[in-house]
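A short worksheet on the structure shown next.
The values are calculated or read from the model by the stated rules, or taken from the named source; none is laboratory data. Everything quoted here is computed from the prediction, not taken from an experiment. When we count neighbours, we look across all protein chains shown, and the Cβ atoms used for this are built from the backbone with ideal geometry, even at glycine.
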Number of protein chains: 2
Amino acid sequence: MPGTLDRRVRRTRQAIQQALVELVLEKGYEAVTVTDLIDRADVGRSTFYAHFDGKQAVLFANLSEIAFLHPAASADGPLFAFSLAMFEHVAEQRRLVRALLGRRSGRAVMAHGEQLLQDLIRDELLARGARASTSLELVVTCVVGAFMALLSRWVDEEITATPAELDAVFRAAVGPGVQAMLAQACVVRP
Amino acid sequence: MPGTLDRRVRRTRQAIQQALVELVLEKGYEAVTVTDLIDRADVGRSTFYAHFDGKQAVLFANLSEIAFLHPAASADGPLFAFSLAMFEHVAEQRRLVRALLGRRSGRAVMAHGEQLLQDLIRDELLARGARASTSLELVVTCVVGAFMALLSRWVDEEITATPAELDAVFRAAVGPGVQAMLAQACVVRP
DNA sequence: CTCCTCTCGAACAACCTGTTCAGTTATGTA
DNA sequence: TACATAACTGAACAGGTTGTTCGAGAGGAG
């Protein structure tokens with residue numbers, strides 16, 4: 001009995017979450033209605049609202065199940081080592097990620113993803129000797145923006161590339177600048 | 001008679017566009033309804049639909065009136081010279097830009113803004129000797145992402161900084177990486 | 001001043017949301 | 001297996017939104 005949950009509950013939630021992914025891929029997030037969702041999932045209206053507050057809640061439920069979006073920051077190894085691994089994981093589940101984070105999904109999810117990445121990158125820079133400041137926050141924002149933009153256009157298939165290529169460009173683009181700033185920050189430190 | 005338009009038409013459109021800005025700032029784009037809009041603008045429902053297809057059309061109409069979002073690419077001067085000017089213009093009209101491009105607005109507008117910037121930056125890199133390729137497209141995406149992220153968080157007042165500071169961080173973050181790639185590209189060229 | 005365009009305002013069907021409730025399953029367990 | 005319970009059904013509901021229609025009236029252009 002996985003998750004100590006009633007089998008019916010598992011089945012229902014699974015059906016709804018699956019339906020959302022399909023529908024987002026077909027019509028885009030905005031166009032999906034709760035009615036669409038319960039029709040596709042073949043679930044009663046009242047049942048739906050017993051499990052979720054609305055379609056956005058389903059979206060977040062799906063998002064939180066993507067484990068590789070929560071890696072830990074590291075001070076060792078190359079800068080932004082998370083990048084390649086993340087692109088590779090995304091490649092494996094491109095369909096799902098596309099529905100959740102792609103152009104056709106909602107803005108709230110995008111913001112959620114950015115938040116995760118923001119914390120991750122800030123931690124890594126702090127671990128590498130940067131000191132907390134407005135300036136650091138700005139740099140983190142740049143790096144997050146660059147990565148998310150790459151990810152977005154990739155899953156939406158506006159650009160074709162391998163995870164390795166994406167990783168290479170990402171680090172080539174922001175790496176040197178960030179490295180230079182880190183060097184400065186280290187000089188300032190004792 | 002500016003714009004060869006009936007004064008009533010001018011008044012109506014102006015009222016509606018103004019109302020959208022106010023309402024987006026108050027409630028966020030998603031929450032604004034056409035009914036809100038016509039109440040605030042004090043305009044008949046049928047009148048509204050005589051001018052716009054829906055609230056998104058109003059948003060785009062507003063967006064297209066922001067002239068400084070359409071600068072020209074240049075091959076002279078420092079890399080990404082548009083940056084400082086753009087941040088300064090935005091600072092002057094922060095309220096408007098926030099309503100249009102901020103976190104509380106719609107995703108479609110964001111995409112529109114990204115598209116403009118994408119063309120601008122690609123042109124600049126091409127003018128500086130880069131050759132068209134998938135790789136260039138990836139780099140452009142990174143730069144656009146970094147800039148838009150900075151802009152977004154700034155107008156939403158998640159971070160406090162002067163245009164000069166933003167410009168400095170933006171160019172420090174992506175400048176070195178892009179310069180390095182341009183240098184490589186130039187070696188390859190005749 | 002006159003004509004023509006624009007606006008008004010109400011009314012409309014169609015859709016979506018979120019809630020309720022009585023009746024019907026399906027589950028986990030004793 | 002039998003049963004108490006939790007979950008699901010399905011329909012109905014009020015409240016809100018959208019986009020359209022129409023005749024009457026007001027305002028501008030010439």
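Would you check which residues across segment A:166-181 are within 7 Å of chain B (Cβ to nearest Cβ) and surrounded by fewer than 16 Cβ atoms within 10 Å (Cβ to Cβ) and list them? Residue satisfying the conditions is A:A180 alone.
The number of residues in segment B:55-87 that are touching a Ser or Thr at 6+ places or on another chain (Cβ under 9 Å) and charged (D, E, K, R) comes to 1.
With respect to B:D123, determine if the residue is over 26 Å from B:K27 (Cβ atoms) and not in a helix (DSSP H, G or I). Criteria not met by B:D123.
For segment B:37-86, residues that are among the small types (G, A, S) and within 12 Å of DNA strand C (Cβ to nearest atom) total 4. Checking A:R131 against (1) among the basic types (K, R); (2) surrounded by fewer than 16 Cβ atoms within 10 Å (Cβ to Cβ); (3) at pLDDT below 90, which single condition isn't satisfied? Evaluating A:R131 over (1) among the basic types (K, R); (2) surrounded by fewer than 16 Cβ atoms within 10 Å (Cβ to Cβ); (3) at pLDDT below 90 leaves (3) as the failure. Apart from one condition, B:T47 fits all of (1) within 15 Å of DNA strand D (Cβ to nearest atom); (2) within 14 Å of another protein chain (Cβ to nearest Cβ); (3) surrounded by fewer than 19 Cβ atoms within 10 Å (Cβ to Cβ); the exception is (2).
The test for being closer than 20 Å to B:Q115 by Cα and more than 9 Å from chain B (Cβ to nearest Cβ) holds for A:G102. The selection criterion, being within 12 Å of DNA strand C (Cβ to nearest atom), away from chain A (no Cβ under 14 Å) and surrounded by 19 or more Cβ atoms within 10 Å (Cβ to Cβ), does not hold for B:V34. For segment B:154-165, indicate whether the set of residues that are crowded, with 21+ Cβ neighbours inside 10 Å and in a helix (DSSP H, G or I) is non-empty. Yes, some residue in segment B:154-165 is crowded, with 21+ Cβ neighbours inside 10 Å and in a helix (DSSP H, G or I).
Tell me the helices (runs of 4 or more DSSP H) entirely within segment A:29-98 that contain at least 2 residues that are of a type in the set (A, V, I, L, M) and either under 29 Å from A:F170 (Cβ atoms) or without any contact (Cβ under 8 Å) to a residue 60 or more places away in the chain (or both).
Values: elements: A:34-41, A:45-51, A:55-64, A:82-92.
Result: A:34-41, A:55-64, A:82-92.
Going through segment B:1-31 one residue at a time, which ones are within 14 Å of chain A (Cβ to nearest Cβ) and within 12 Å of DNA strand C (Cβ to nearest atom)?
Our first condition is that a residue be within 14 Å of chain A (Cβ to nearest Cβ); within segment B:1-31, this holds for B:24, B:28-31.
Across segment B:1-31, the qualifying residues are B:E30, B:A31.
Would you be able to say whether some residue in segment B:58-78 is within 13 Å of DNA strand D (Cβ to nearest atom) and either surrounded by fewer than 16 Cβ atoms within 10 Å (Cβ to Cβ) or within 16 Å of the chain's Cα centre (by Cα) (or both)? Among the residues of segment B:58-78, at least one is within 13 Å of DNA strand D (Cβ to nearest atom) and either surrounded by fewer than 16 Cβ atoms within 10 Å (Cβ to Cβ) or within 16 Å of the chain's Cα centre (by Cα) (or both), which makes the answer yes.
When segment A:148-165 is examined, which residues are found to be closer than 20 Å to A:M110 by Cβ, in contact with a helix residue (DSSP H, G or I) (Cβ under 7 Å, 6 or more places away or on another chain) and more than 7 Å from every other protein chain (Cβ to nearest Cβ)? Within segment A:148-165, A:L151, A:S152, A:W154, A:V155, A:D156 meet the criteria. Residues satisfying the criterion are absent from segment B:119-142 (criterion: of a type in the set (D, E, K, R), within 26 Å of B:V32 (Cβ to Cβ) and either more than 10 Å from chain A (Cβ to nearest Cβ) or in contact with a Ser or Thr (Cβ under 9 Å, 6 or more places away or on another chain) (or both)).
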